[in-house]
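One structure below.
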Amino acid sequence: MEGEGFVAASKVNIYEGRVTAFVICTCLIAASGGLLFGYDLGISGGVTSMEPFLNKFFPSVLEQQSKASQTENQYCKFDSQLLTLFTSSLYLAALVASFFASIVTRIFGRKISMLAGGVAFLIGSILNGVAMNIGVLIFGRLLLGVGVGFANQSVPVYLSEMAPASIRGALNIGFQMAITIGILAAGLINYGTAKIEGGWGWRLSLVLAVFPAVVMTAGSYLLPDTPNSILERGQPEKARQMLQKVRGTQHVDAEFQDLLDATEAAKKVDHPWTNILQPRYRPQLVLCIVIPFFQQLTGINVVMFYAPVLFKTLGFGDDASLMSAVISGIVNVLATMVSIYSVDKFGRRVLFLEGGAQMFLFQIAIGTMIAVRFGVNGDGELSRWDANILLLFICAYVAAFAWSWGPLGWLVPSEICPLEIRSAGQGINVAINMIFTFIIGQVFLSMLCHMKFGLFFFFAGFVVIMTVFVYYFLPETKNVPIEEINQVWKQHWFWGKYILDEALIGLSRNDEGRDT
């Protein structure tokens, strides 16, 4: 179909080189930055379901739970703006930090940006663990947000620039894999710390965030910078040597020349944030806005933020709610492995489309089951059989997200932008992601209270819209070198009119090679 926008292989340079142990190791270390994001996603929901934590910082929520139990309205047990502020404040800080991270990433390199993020997250973890009042608790969350903002800005770009085109998707999804591992680890830790006598288990859950912070801080200190970033800072010989080391061959002339061309184009851009608004970058700008927007409106953070709270609200016991969050976390990890295997084999579009269809079906199933069991008034309960079926539906939904919109929401924006706007494009991607993560985190419990089971139908509607958008407006980018992505846009039925011929780096050399 015309709208699919595939690129003929003959139009794209195939660089020499192999998949080296060096590039695998560096990408795995860099991807560990996802542990920060994942651990926090998983830990906050579990902590906010623990009574000792609520009693210390949010006693009004416990009182509200008691009233909800008396009225039997299961939808409104946890409706508290102050409680959601604890969770969502991190993402507001990450939003602001992402703009500064974009500047740091471009001027000082991806490595320095990752290091800054690790240090900020480390300090925030300690403050959260020792907090004695709500002010220190929120300040610690803000520092965690700075860490997440810097990590989410720099890590996907680092991975896309380091990885060879043939496995760029799989290595980049290592970031999402680390996120899912962080979520699962947090769920297991919450399950264990909730059983600690004395009511201090929540402190251990929060302070253990220092471990992913140390991993990222130490790892980023040891990592080399990418050839693209080294070239940006005016060190061509060092960049060539790094490219040779990354690709495992001395014959990197074609790829290095494309990097030089991209760097020369980037030098002509004084203000990438202004430049990305030009019509020639319209495809990248739109995708860097729309993809993170849709990623958050899949509704996944309803499950990831508040899995224990959600399960507890729907009638699972305390232990059952935490264990159910662990089960969905395991599914998340396993499904991400599916994405790592398939993204460079079947492509990005197939995963986006299949994941969208599956998420839609199971969101409708979840909403329908909750409607039948709890109705409009929230008066009802789940039998053991009902609870197991509902958990199965949620796991199927999580699996669909984990092999589609979860990893691809970070992969695609990081690989579609030319060097001159790459830091700005990723900054926009992170900012939009954090804006809507903040909004969803802040209003979800109120939405659940007021929209009830309709909340799941609300998100299902957005899944339909975004799946249609992908079908018509997202071209396939698998196996295309990162500096030649513009050729994909040029051949797309809609976006092609925005791409100038001079933007097609490496095309003329490829044509000359075929002529000879």
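The values are calculated or read from the model by the stated rules, or taken from the named source; none is laboratory data. Keep in mind that what you see is a predicted model, and the values were worked out from it rather than measured. For neighbour counting, all protein chains shown are included, and Cβ atoms are generated from backbone atoms with ideal geometry for every residue, glycine included. Surface accessibility is based on the protein's heavy atoms, side chains included, excluding ligands, DNA and RNA. Shrake-Rupley method; radii C 1.70, N 1.55, O 1.52, S 1.80 Å.
Below, the figures for the structure above:
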| item | result |
| --- | --- |
| Loop sites in region 178-280: trypsin sites (Lys or Arg not before Pro), DSSP, at most 16 other Cβ within 10 Å | Lys195, Arg233, Lys268 |
| Calculated [θ] (222 nm, deg cm²/dmol) that DSSP helices of n ≥ 4 give over the chain, each run adding -39,500 (n - 2.57) | -25000 deg cm²/dmol |
| Sequence of Asp501, Asp258 when ordered by accessible area, the most exposed leading, probe 1.4 angstrom | Asp501, Asp258 |
| Of Lys245/Lys478; Lys452/Lys478; Lys268/Lys345; Lys245/Lys497, those spanning more than 30 Å from alpha-carbon to alpha-carbon | Lys452/Lys478; Lys268/Lys345; Lys245/Lys497 |
| Mean separation of Cα contacts under 8 Å, 6 or more apart, over the residue count of the chain: relative contact order % | 28 percent |
| At 1.306 mPa s and 10 °C, Stokes diffusion of region 253-299 via Kirkwood alpha-carbon radius, µm² per second | 124 µm²/s |
| Local electrostatic count, Phe393, Cβ distance below 13 Å [Lys/Arg +1, Asp/Glu -1] | 0 |
| Separation in nanometres of the label points that stand 7 Å from Cα toward Cβ, at Val130 and Leu504 | 6.1 nm |
| Largest-first ellipsoid semi-axes for region 86-221, taking √(5λ) over the Cα gyration tensor eigenvalues, angstrom | 28, 18, 11 |
| Potential lengthening between Thr274 and Gln235 on full extension [0.36 nm per residue; Cα-Cα distance subtracted] | 11.5 nm |
| Hz values of 3J(HN,Hα) by residue in region 383-399 - Karplus curve (6.51, -1.76, 1.60), Gly and Pro given as x | 6, 4, 5, 4, 4, 5, 5, 5, 4, 4, 4, 5, 5, 5, 5, 4, 4 |
| Length released on extending from Glu354 to Arg282, taking residue separation times 0.36 nm less the Cα-Cα span | 23.3 nm |
| Difference of contour (0.36 nm per residue) and Cα-Cα distance, Leu361 to Glu264 | 30.1 nm |
| Cα lying deepest toward the dipole's positive end in the chain, options Gly145, Ser166, Gln358, charges on Cβ | Gly145 |
| Solvent-accessible ranking of His492, His251, largest area first, probe 1.4 Å | His251, His492 |
| Angle between the chain longest axis and helix 348-374 axis [Cα atoms, degrees, rounded to 10] | 10 degrees |
| Within the chain, longest stretch free of exposed GluC sites (Glu not before Pro) [DSSP loop, at most 12 other beta carbons within 10 Å] | 198-380 |
| Average accessible area per residue (Å²) across the chain - probe 1.4 Å, nucleic acids and ligands excluded | 36 Å² |
| Surface share of carbon and sulfur [accessible, 1.4 angstrom probe, percent] for the chain | 67 percent |
